[in-house]
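**Student:** Mind looking over this structure? Questions follow.
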Protein chains: 4
Amino acid sequence: MKVGLIGLGKMGLNLGSNLIDHNHELVVYDINSSAVREMERCGAKGTSSLLELVKSLEQPRIIWIMVPHQVVDSVIFDIAPFLNSGDIVIEAGNSYYKESISRYHKLKKFGVSFLDVGTSGGIEGARNGACYMVGGDPEAWEAVEPLFQDTAVDNGYLYAGRRGSGHFLKMVHNGIEYGMMAAIGEGFELLEKSEFDYDYEEVARVWNNGSVIRSWLMDLTQNAFSKDAKLEDIKGVMHSSGEGKWTIDTALDLQTATPVIALSLLMRYRSLEEDTFTGKVVAALRNEFGGHVVEKIKN
Amino acid sequence: MKVGLIGLGKMGLNLGSNLIDHNHELVVYDINSSAVREMERCGAKGTSSLLELVKSLEQPRIIWIMVPHQVVDSVIFDIAPFLNSGDIVIEAGNSYYKESISRYHKLKKFGVSFLDVGTSGGIEGARNGACYMVGGDPEAWEAVEPLFQDTAVDNGYLYAGRRGSGHFLKMVHNGIEYGMMAAIGEGFELLEKSEFDYDYEEVARVWNNGSVIRSWLMDLTQNAFSKDAKLEDIKGVMHSSGEGKWTIDTALDLQTATPVIALSLLMRYRSLEEDTFTGKVVAALRNEFGGHVVEKIKN
Amino acid sequence: MKVGLIGLGKMGLNLGSNLIDHNHELVVYDINSSAVREMERCGAKGTSSLLELVKSLEQPRIIWIMVPHQVVDSVIFDIAPFLNSGDIVIEAGNSYYKESISRYHKLKKFGVSFLDVGTSGGIEGARNGACYMVGGDPEAWEAVEPLFQDTAVDNGYLYAGRRGSGHFLKMVHNGIEYGMMAAIGEGFELLEKSEFDYDYEEVARVWNNGSVIRSWLMDLTQNAFSKDAKLEDIKGVMHSSGEGKWTIDTALDLQTATPVIALSLLMRYRSLEEDTFTGKVVAALRNEFGGHVVEKIKN
Amino acid sequence: MKVGLIGLGKMGLNLGSNLIDHNHELVVYDINSSAVREMERCGAKGTSSLLELVKSLEQPRIIWIMVPHQVVDSVIFDIAPFLNSGDIVIEAGNSYYKESISRYHKLKKFGVSFLDVGTSGGIEGARNGACYMVGGDPEAWEAVEPLFQDTAVDNGYLYAGRRGSGHFLKMVHNGIEYGMMAAIGEGFELLEKSEFDYDYEEVARVWNNGSVIRSWLMDLTQNAFSKDAKLEDIKGVMHSSGEGKWTIDTALDLQTATPVIALSLLMRYRSLEEDTFTGKVVAALRNEFGGHVVEKIKN
């Protein structure tokens, strides 16, 4: 099939190669022209503007957007005037499902179908077999299913239901991921503080063979320890890119108790701080009522 | 090798068959004589007392204990007087590592080696390939390694270090397992409360193919939903058998912040209650200061 | 001073009486005409529409809104066309500070000043001495300060700064309240589950005299137990009216780790459920890998 | 009454003065002889050994121990041989209730009564009016009640029941205190991170007058901010002295969900670390699957 791919970051480049491997015809655009050049070398047709990309596709067009969620609206705003009824927009980045629902309705007015697609599996998955969760109208889905069939790992895609359901599923997937990663991290922290002297790469290896917690994340844990046995060079600062927060925003909206995922998120925030105001207040209070010594900041 | 296997519950029976498959010679005992009969039919020599079991083995004996952790001390107390220097006791159940260290030292006085072995992989693993984490003296370990090599899945065993390190590792493994399971559960609860209508078996299937959270637990989640699509027949009461509690006991001892594992445990406790006193107090207080209506218990 | 008071619920009625006690002149309105009658009997001038209320006040008008946060926009929408430059609107209910900021800007366009006022102290406080946290323009504040001085407890009001700062402060106050109440509740739950046989009213009494945790909430706890020694008639269902959720929404926006307040909120949500899907999934998984028995729902 | 007071730290010295103010006759001992001198200047009889202290008292003796919980057993071990049937030992420090129960039984064998007393109110309370929670035999309690009546604040003591119930109550009191302090700290952290510019001393002041969260801890918060408006000199390191940990140990033993108190403890542990291994693992994993940049430790 012929696809216009917008966004050639880590995910977009790898997905592009994956699509080309499966004999799809690619027209690509990115604000970074060197990424466009790179895709051209793989056989894609590069373009130098969103307009040129849209014009290079025949109706009904299939446009696959793979950009940071902060930019999606701006991309859609730019291309929407040039789209026609029957065109299909696939948004396969990490967007908040409520925004996807709103985008679905906006494009619907132009007769354009919008599919919200959660993509998992990381960079490697994008290249060699991703995992997709798709929401939107079933007719649009059927029209583009081959793209997902070809670039997903076996059994690795699901048409999940109406608009929003794809990104909702991906959001919850990431929430689970946050919880799993935190659980693994806490486990290794206990090993690190214990009286024993474990070889963490070996621990991850054995846990990944036959144990109840074997998982791709444990596989990656083994990889990480194989490169840096005690992670001595790495700071424990845990950034986050939004999906964990949206999961908890949603949990609050739905009045759902999700303490494990919530704490995995809050501990990420905690890791961004060297010291906390909470800590200062509690330390000051302990001093006030019990005369407990306060640690002073040295200047 | 010739092994005395004590304890023929779900785990012991399957491990026994696994050992026999790999041509080990088994002498077995369990208080439940029908389990002994079952093992005899698989080729084991049954005994009708712990003493008989010990006497049926030649020195240096290898005795593998696979009983609930509450019973381990009683078994050891019963067999210790008949053991000789050089004998090796393998304790492969779920015991608290501090007790394992104490057992190691007690048996050491008799010249008997004690290996604390964490066994993971569930019943299926015990039968077809388990995952082992072993602590104890290296000489003892070397003498029995073939038993583990034969009954573990490939790459599925680790000699982790000195006494206690095996059960400590298994304990932390279970702590991680608690966290992972809670994260998965919370994720599906969000799906259940959402505006969407997901097919959970399909969700688990797609998450298990190519996604970041693919794992054996997700595989089992798919199995569970294949049997009961909405888990309508199952009560959400989450029992626990000790390892999660020990993990948090240990976290407190080591002054380690493990909020995700801790909450996965506390929510299990919460699930044992229909109503809570905390809730009653908070509801009463809201009524006191704000006149908020309290729900009354109907008689 | 002459004040138009809109909203005669539990809080509005008591505040109205408090204002009248301090010789302020009240014009009142509520959709519930019997509440209007009640205020008339206390000396207020009742009106039968928002328009009549506005018209009954001389410019510059002072209008005090005390309605549920869901209704504030509708009230403002209805009165705004009749307000004049120089009028002051006091919104003293529990509103989300972001909405207060937006209301401030909307009214500003008409030259109308908007003060966002957090009111604490419950019903009793509204009647006999409340606690106020006020945000908005300092000139508007100075014009109405006497109203707060008169109806607050000694030292019980604060001009906190620009628009939004009053409701933000009240929101955080309620977040702290959630945490404190949960801590008290959890403490009594531990007493209830202990081997001891405490008299909870006596416990609350002693904790309220000389201890570190003496507080108004502990005072109310004593009251509650004096009425129902074991809270046997009360269900532990903990409803919430929004402020705790906003606190955590805000914590997430500010990337702030507030686990104690977050958990106090999530446990309220948990209390709304008899059973959880999380629990079902975890119970099913335990059964899958370990053959642990699942509790079945009886029909 | 005549009392032997062992332990003249911050609490012991102030309690001693309080007892003397109320015309009790004091014999005192501390390993720190200058503390003994200080008490002598207040009218106590100093001694230079535990034996001398015991010998200075007539039977039936009343001995009040006010030492760190780690030292209690050693003190009791030293004095027990010299005690007689009918003597009463008051242990008013912060001990784990299980140890108090064991001490009760040990002393019982000698005919000596043991009262476990939780003391709250901090240093100031010890001096001017403390809060006491007392467990032990009722006869022993009645014999010494005047000491508590005299040195407690009005209504500030409770005979809670049998052995252990006093220290259990104090332990839970401290658990609640941990939760309350954390809630207050988190609230101020939200203020600190907000867009507003609050005067924290003023905030604590207004919250302490008429609000739902008015409390002694809020009073102390105001004090703390009055000395250091932004707590700029204080590190947010939150030490703990055992009672919070015991509360959670107990919650786990009783299978009680106490997430708020648990998290207040775990965040104290977190505050002891500059960086965490959990964080390193999570950061490494994010890099593994998503290519997310890891912050490196600079050397």
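**Student:** Criterion first (over 30 Å from residue C:121 (Cβ atoms), of a type in the set (S, T, N, Q) and more than 9 Å from chain C (Cβ to nearest Cβ)) does residue B:221 satisfy it? Write out each step before concluding.
**Tutor:** Values: over 30 Å from residue C:121 (Cβ atoms): yes; of a type in the set (S, T, N, Q): yes; more than 9 Å from chain C (Cβ to nearest Cβ): no.
Criteria not met by residue B:221.
**Student:** Does at least one position in the stretch A:58-66 carry a residue that is exposed (fewer than 14 other Cβ atoms within 10 Å of the Cβ), touching a residue at least 24 places away in the same chain (Cβ under 8 Å) and not assigned by the TED database to the domain that holds residue A:245? It would help to see each step written out before you state the result.
**Tutor:** Going through the stretch A:58-66, the residues exposed (fewer than 14 other Cβ atoms within 10 Å of the Cβ) turn out to be A:58-59.
Still in the running and touching a residue at least 24 places away in the same chain (Cβ under 8 Å): A:58-59.
Remaining after also requiring not assigned by the TED database to the domain that holds residue A:245: A:58-59.
Checked against the condition, which is being exposed (fewer than 14 other Cβ atoms within 10 Å of the Cβ), touching a residue at least 24 places away in the same chain (Cβ under 8 Å) and not assigned by the TED database to the domain that holds residue A:245, the stretch A:58-66 yields at least one hit.
**Student:** Follow-up. Might you check whether a residue that is surrounded by fewer than 24 Cβ atoms within 10 Å (Cβ to Cβ), in contact with a helix residue (DSSP H, G or I) (Cβ under 8 Å, 6 or more places away or on another chain) and acidic (Asp, Glu) occurs anywhere in the stretch A:130-138? First the steps, then the outcome.
**Tutor:** Step one: list which residues in the stretch A:130-138 are surrounded by fewer than 24 Cβ atoms within 10 Å (Cβ to Cβ), which gives A:137-138.
Then keep just the ones that are in contact with a helix residue (DSSP H, G or I) (Cβ under 8 Å, 6 or more places away or on another chain); that gives none.
There is no residue in the stretch A:130-138 that is surrounded by fewer than 24 Cβ atoms within 10 Å (Cβ to Cβ), in contact with a helix residue (DSSP H, G or I) (Cβ under 8 Å, 6 or more places away or on another chain) and acidic (Asp, Glu).
**Student:** Now a separate question. Return the residues of the stretch A:24-47 that are under 13 Å from residue A:3 (Cα atoms) and either out of contact with any helix residue (DSSP H, G or I) (no Cβ under 8 Å at 6 or more places or on another chain) or outside the structural domain of residue A:128 (by the TED database) (or both); say none if nothing qualifies.
**Tutor:** Result: A:25, A:45.
**Student:** Being of a type in the set (Gly, Ala, Ser) and assigned to a loop (DSSP other than H, G, I, E, B) is the filter here; which residues of the stretch B:208-261 pass it?
**Tutor:** Restricting attention to the stretch B:208-261, the residues satisfying the condition of being of a type in the set (Gly, Ala, Ser) are B:210-211, B:215, B:224, B:226, B:229, B:236, B:240-242, B:244, B:251, B:257.
Within the stretch B:208-261, B:210, B:211, B:229, B:236, B:240, B:241, B:242, B:257 meet the criteria.
**Student:** A further question follows. Has the stretch A:13-34 got at least one residue that is part of a loop (DSSP other than H, G, I, E, B), over 25 Å from residue A:134 (Cα atoms) and among the hydrophobic types (A, V, I, L, M, F, W, C)? Break it down into steps so the answer makes sense when it comes.
**Tutor:** Going through the stretch A:13-34, the residues part of a loop (DSSP other than H, G, I, E, B) turn out to be A:22-24, A:30-32.
Filter once more, keeping what is over 25 Å from residue A:134 (Cα atoms): A:31-32.
From what's left, among the hydrophobic types (A, V, I, L, M, F, W, C): A:31.
Yes, some residue in the stretch A:13-34 is part of a loop (DSSP other than H, G, I, E, B), over 25 Å from residue A:134 (Cα atoms) and among the hydrophobic types (A, V, I, L, M, F, W, C).
**Student:** Any idea which of (1) outside any loop (DSSP other than H, G, I, E, B); (2) of a type in the set (A, V, I, L, M); (3) facing chain B (nearest Cβ under 8 Å); (4) within 20 Å of the chain's Cα centre (by Cα) is the one residue C:283 doesn't satisfy?
**Tutor:** Unmet for residue C:283, out of (1) outside any loop (DSSP other than H, G, I, E, B); (2) of a type in the set (A, V, I, L, M); (3) facing chain B (nearest Cβ under 8 Å); (4) within 20 Å of the chain's Cα centre (by Cα): (4).
**Student:** Six or more apart or on different chains, Cβ under 6 Å: which pairs go from a residue in the stretch C:173-198 that's touching a residue at least 40 places away in the same chain (Cβ under 8 Å) to one that's surrounded by fewer than 24 Cβ atoms within 10 Å (Cβ to Cβ) and in a helix (DSSP H, G or I)? Could you list them?
**Tutor:** So the pair list comes out as C:174/C:243.
**Student:** Taking residue A:83 as the residue in question, decide whether it is farther than 18 Å from residue A:115 by Cα and among the hydrophobic types (A, V, I, L, M, F, W, C). Give the steps one after another, and end with the answer.
**Tutor:** On the way: farther than 18 Å from residue A:115 by Cα: no; among the hydrophobic types (A, V, I, L, M, F, W, C): yes.
Here the answer is no, as residue A:83 does not meet what is asked.
**Student:** Take the conditions within 26 Å of residue B:242 (Cα to Cα), among the hydrophobic types (A, V, I, L, M, F, W, C), free of Cβ contacts under 8 Å to residues at least 12 places away in the same chain and out of contact with any helix residue (DSSP H, G or I) (no Cβ under 7 Å at 6 or more places or on another chain) and apply them to residue B:77. Does it pass?
**Tutor:** Working: within 26 Å of residue B:242 (Cα to Cα): yes; among the hydrophobic types (A, V, I, L, M, F, W, C): yes; free of Cβ contacts under 8 Å to residues at least 12 places away in the same chain: yes; out of contact with any helix residue (DSSP H, G or I) (no Cβ under 7 Å at 6 or more places or on another chain): yes.
So residue B:77 fits the description; yes.
**Student:** Can you report the number of residues in the stretch A:251-299 which are modelled with pLDDT of 95 or more and on the phi > 0 side of the Ramachandran plot?
**Tutor:** 1
**Student:** What is the number of the single condition among (1) over 30 Å from residue D:239 (Cα atoms); (2) in contact with a helix residue (DSSP H, G or I) (Cβ under 7 Å, 6 or more places away or on another chain) that residue A:238 does not meet?
**Tutor:** (1)
**Student:** Quick test for you: out of C:134, C:144, pick the one residue that is modelled with pLDDT of 95 or more, of a type in the set (A, V, I, L, M) and closer than 26 Å to residue C:55 by Cβ. It would help to see each step written out before you state the result.
**Tutor:** Values: C:134 fails: closer than 26 Å to residue C:55 by Cβ.
Criteria check complete, one pass: C:144.
Each row is one residue, and each column tells you yes or no for (1) within 9 Å of chain A (Cβ to nearest Cβ); (2) over 19 Å from the mean Cα position of the chain (by Cα); (3) farther than 30 Å from residue B:274 by Cβ; (4) crowded, with 23+ Cβ neighbours inside 10 Å.
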{"site": "D:215", "(1), (2), (3), (4)": "no, no, yes, yes"}
{"site": "D:245", "(1), (2), (3), (4)": "no, no, no, no"}
{"site": "D:255", "(1), (2), (3), (4)": "no, yes, no, no"}
{"site": "D:263", "(1), (2), (3), (4)": "yes, yes, no, yes"}
{"site": "D:271", "(1), (2), (3), (4)": "yes, yes, yes, yes"}
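**Student:** Looking at the stretch C:197-245 only, could you name the residues that are in contact with a Gly (Cβ under 8 Å, 6 or more places away or on another chain) and basic (Lys, Arg)? Break it down stepwise before answering.
**Tutor:** Residues of the stretch C:197-245 that are in contact with a Gly (Cβ under 8 Å, 6 or more places away or on another chain), as a first pass: C:197-198, C:206, C:209-212, C:235-238, C:243-244.
Passing the criteria: only C:235.
**Student:** Name the residue that is surrounded by the most Cβ atoms within 10 Å (Cβ to Cβ), counting only residues in the stretch D:147-196 that are more than 7 Å from every other protein chain (Cβ to nearest Cβ) and aliphatic (A, V, I, L, M).
**Tutor:** Looking at the filtered set, the residue picked out is D:171.
**Student:** Here's something else I'd like to know. Got at least one residue in the stretch A:73-83 being touching a Phe, Trp or Tyr at 6+ places or on another chain (Cβ under 6 Å), assigned to a helix (DSSP H, G or I) and modelled with pLDDT of 95 or more?
**Tutor:** Checking the stretch A:73-83: not a single residue is touching a Phe, Trp or Tyr at 6+ places or on another chain (Cβ under 6 Å), assigned to a helix (DSSP H, G or I) and modelled with pLDDT of 95 or more.
**Student:** Further, regarding this structure: Kindly evaluate residue B:123 against the criterion of being among the β-branched types (Val, Ile, Thr) and modelled with pLDDT of 95 or more. Explain how you work it out, then say what you get.
**Tutor:** Working: among the β-branched types (Val, Ile, Thr): yes; modelled with pLDDT of 95 or more: no.
Taking the combined requirement at face value, the residue does not satisfy it.
**Student:** Restricting to strands (runs of 3 or more DSSP E) lying wholly in the stretch C:106-196: which have 2 or more residues that are under 19 Å from residue D:208 (Cα atoms) and in contact with a Ser or Thr (Cβ under 6 Å, 6 or more places away or on another chain)? Full working, then the answer.
**Tutor:** On the way: elements: C:113-120, C:130-135, C:152-161.
Where strands (runs of 3 or more DSSP E) fall fully within the stretch C:106-196 and carry at least 2 residues being under 19 Å from residue D:208 (Cα atoms) and in contact with a Ser or Thr (Cβ under 6 Å, 6 or more places away or on another chain), they are C:130-135.
**Student:** So which of C:50, C:83, C:115 is out of contact with any Leu (no Cβ under 9 Å at 6 or more places or on another chain), outside the structural domain of residue C:177 (by the TED database) and crowded, with 21+ Cβ neighbours inside 10 Å?
**Tutor:** On the way: C:50 fails: crowded, with 21+ Cβ neighbours inside 10 Å; C:83 fails: out of contact with any Leu (no Cβ under 9 Å at 6 or more places or on another chain).
Testing whether each residue is out of contact with any Leu (no Cβ under 9 Å at 6 or more places or on another chain), outside the structural domain of residue C:177 (by the TED database) and crowded, with 21+ Cβ neighbours inside 10 Å leaves just C:115.
**Student:** Can you tell me which residue among D:201, D:232 is in contact (Cβ under 8 Å) with a residue 12 or more places away in the chain and more than 7 Å from chain C (Cβ to nearest Cβ)? It would help to see each step written out before you state the result.
**Tutor:** On the way: D:232 fails: in contact (Cβ under 8 Å) with a residue 12 or more places away in the chain.
Just a single option satisfies the conditions, and that option is D:201.
The values are calculated or read from the model by the stated rules, or taken from the named source; none is laboratory data. These numbers come from a predicted model, not from an experiment. Every residue, glycine among them, receives a Cβ derived from its backbone with ideal geometry; neighbour counts consider all protein chains shown.
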